[in-house]
Amino acid sequence: MGKKVKILLAEDDINLGSLLTQYLNAKNFETDLFGDGEKAWEGFNTQQYDICILDVMMPKKDGFTLAKEIRELNQKTPIIFLTAKTLKDDVLEGFKIGADDYITKPFVMDELLFRIEAILRRINQSGDGMTNQETYKIGKYTFDVQKQLLNFEDETIKLTTKEAELFELLCANKNAMLERNYALKLIWKDDNYFNARSMDVYITKLRKHLKKDENIEIINVHGKGYKLIVSV
């Protein structure tokens with residue numbers, strides 16, 4: 001039997017935190033529960049975690065602040081936000097920080113399990129529809145799919161899991177249209193409004209990463225999708 005997936009759970013509601021911990025452990029995960037953002041940050045710095053589940057509203061350090069600090073230290077560990085807020089700006093803020101997913105309270109525990117398993121599947125396998133190509137040469141950039149590294153001359157950018165998956169699809173469809181709903185269902189598993197807005201955020205991030213080569217452009221195909229245009 002393989003090594004258990006280790007989860008950092010930051011949740012200040014002790015009852016909910018205990019229930020989630022028991023549930024996840026029963027599903028064969030190893031879960032460490034922290035009651036506030038500061039304790040969770042200390043825990044992240046002393047242990048190796050495969051995934052982080054962060055409540056947005058926490059004492060001492062809120063989930064967004066904690067996620068920013070985690071992202072500064074580690075670009076790769078997946079982050080899921082637990083939020084009682086349904087405001088679009090809050091959800092988008094989470095994606096801008098680098099979250100992989102979010103779930104709104106109250107939620108069914110099986111839904112959280114589904115989100116965790118979907119993220120772990122994306123990390124551990126290329127998935128249906130993803131290519132098996134290891135590297136792409138895009139203009140002056142080289143993209144290492146497995147390591148999620150985008151190289152430009154002497155500079156190396158470490159992409160997040162979602163950035164890498166989205167860029168891989170764009171590379172595989174270079175100079176052709178990547179259909180929006182196809183990408184959403186493949187990477188986010190759902191083409192709902194929040195996921196669509198999330199993808200827009202990641203497209204903006206990719207454009208910034210690629211700005212050093214003027215022969216590369218990601219364009220919007222109105223109402224349909226995106227094109228990675230490489231003009232050399």
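Among the conditions (1) among the small types (G, A, S); (2) farther than 21 Å from G17 by Cβ; (3) modelled with pLDDT of 70 or more, the only one that G94 does not satisfy is (2).
Those helices (runs of 4 or more DSSP H) of segment 1-77 in which at least 2 residues are at pLDDT 95 or above and either closer than 16 Å to I116 by Cα or not assigned by TED's automatic domain parsing to the domain that holds I97 (or both), considering only elements entirely within it, cover 14-26. Checked across segment 174-187, the condition of being closer than 24 Å to N74 by Cα and either free of Cβ contacts under 8 Å to residues at least 24 places away in the same chain or touching a helix residue (DSSP H, G or I) at 6+ places or on another chain (Cβ under 9 Å) (or both) holds for at least one residue.
Apart from one condition, L170 fits all of (1) touching a residue at least 60 places away in the same chain (Cβ under 8 Å); (2) buried (at least 18 other Cβ atoms within 10 Å of the Cβ); the exception is (1). One residue stands out among those in segment 197-215 that are in contact with a Phe, Trp or Tyr (Cβ under 7 Å, 6 or more places away or on another chain) and over 15 Å from G98 (Cα atoms): the one that is surrounded by the most Cβ atoms within 10 Å (Cβ to Cβ), which is L210.
The rows are residues; the columns are (1) crowded, with 17+ Cβ neighbours inside 10 Å; (2) closer than 20 Å to L228 by Cα; (3) modelled with pLDDT of 85 or more.
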position: F107; (1), (2), (3): no, no, yes
position: L113; (1), (2), (3): no, no, yes
position: L120; (1), (2), (3): no, no, no
position: T131; (1), (2), (3): no, yes, no
position: Y136; (1), (2), (3): yes, yes, yes
position: K147; (1), (2), (3): no, no, no
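The values are calculated or read from the model by the stated rules, or taken from the named source; none is laboratory data. In this text, all values refer to a predicted model and were calculated from it rather than measured experimentally. All Cβ positions, even for glycine, are placed from backbone atoms using ideal geometry, and neighbour counts span all protein chains on display.
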